[in-house]
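The values are calculated or read from the model by the stated rules, or taken from the named source; none is laboratory data. As the structure is a computational prediction, the values presented were derived from the model and not from experiment. Don't worry about glycine lacking a Cβ; one is built from the backbone with ideal geometry, like all the others, and counts go over all protein chains shown.
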Amino acid sequence: MSDKLKQIINQQGDQHKTDTLDQSDDIVQLVGFVIGDEEYAVPILAIQEIIKPFSWTRVPQVPHYILGVFNLRGSVIPLIDLRVKFGLPSKNHNDETRFFVLKQDDEVAGFVIDRLTMAIRIKKENIGPAPDTINGNDTMIDGVGKQEDRIITILKVDKLLERDF
């Protein structure tokens with residue numbers, strides 16, 4: 001497990017100790033990250049790992065947002081550039097770039113993000129539905145979280161992991 005993920009989980013644990021048991025059911029625990037100028041989040045339990053970028057192997061005849069595949073402890077995992085998938089231009093990796101590996105059931109994939117932000121705890125009452133301008137069940141957006149001075153787009157893990165290649 002990467003040091004950054006351990007740090008986020010420890011922060012999560014420290015925050016959890018301050019909550020009462022009654023409140024814990026009303027809190028959604030997420031990991032935030034930035035793509036372009038926007039902040040997104042996914043449920044913390046869906047993240048298998050967060051790692052610094054390393055080499056991958058290109059694969060022919062895949063959509064342009066698929067960078068290729070990489071080997072993670074014997075498992076070959078597709079690597080998806082979220083900037084490109086979200087319609088932004090690709091960008092060279094820097095010191096803040098991270099790969100995070102999402103897992104749900106038997107589906108696993110790696111995603112390139114611009115920057116990791118923090119562990120986020122949002123009360124369920126502060127999470128609204130996806131905007132009306134987005135088409136129903138086809139959207140990748142699970143909801144919109146509101147925290148003090150910022151809005152965080154919460155993504156659906158199953159849609160991120162959905163294979164359309």
(1) farther than 17 Å from TRP56 by Cα; (2) buried (at least 19 other Cβ atoms within 10 Å of the Cβ) all hold for THR153 apart from (2)
Residue hits (the range 48-89; out of contact with any Asp or Glu (no Cβ under 8 Å at 6 or more places or on another chain) and hydroxyl-bearing (Ser, Thr, Tyr)) are SER55, THR57, SER75
Scanning the range 129-165 residue by residue, those within 25 Å of GLY110 (Cβ to Cβ), of a type in the set (Gly, Ala, Ser) and modelled with pLDDT under 90 turn out to be ALA130
Scanning the range 35-51 for residues that are surrounded by 14 or more Cβ atoms within 10 Å (Cβ to Cβ) and more than 11 Å from the chain's Cα centre (by Cα), the one farthest from THR97 (Cα to Cα) turns out to be GLY36
Going through the range 117-138 in order, the residues found to be under 17 Å from PHE86 (Cα atoms) and surrounded by 15 or more Cβ atoms within 10 Å (Cβ to Cβ) are ALA130
message = Take the conditions over 23 Å from ILE151 (Cβ atoms) and either surrounded by fewer than 17 Cβ atoms within 10 Å (Cβ to Cβ) or modelled with pLDDT of 95 or more (or both) and apply them to ASP81. Does it pass?
response = yes
Every listed condition ((1) of a type in the set (S, T, N, Q); (2) under 25 Å from LEU88 (Cα atoms); (3) at pLDDT 90 or above) holds for ASN126 save (2)
(request) For ASP3, state whether it is more than 21 Å from GLY143 (Cα to Cα), out of contact with any Pro (no Cβ under 7 Å at 6 or more places or on another chain) and at pLDDT 95 or above. (result) no
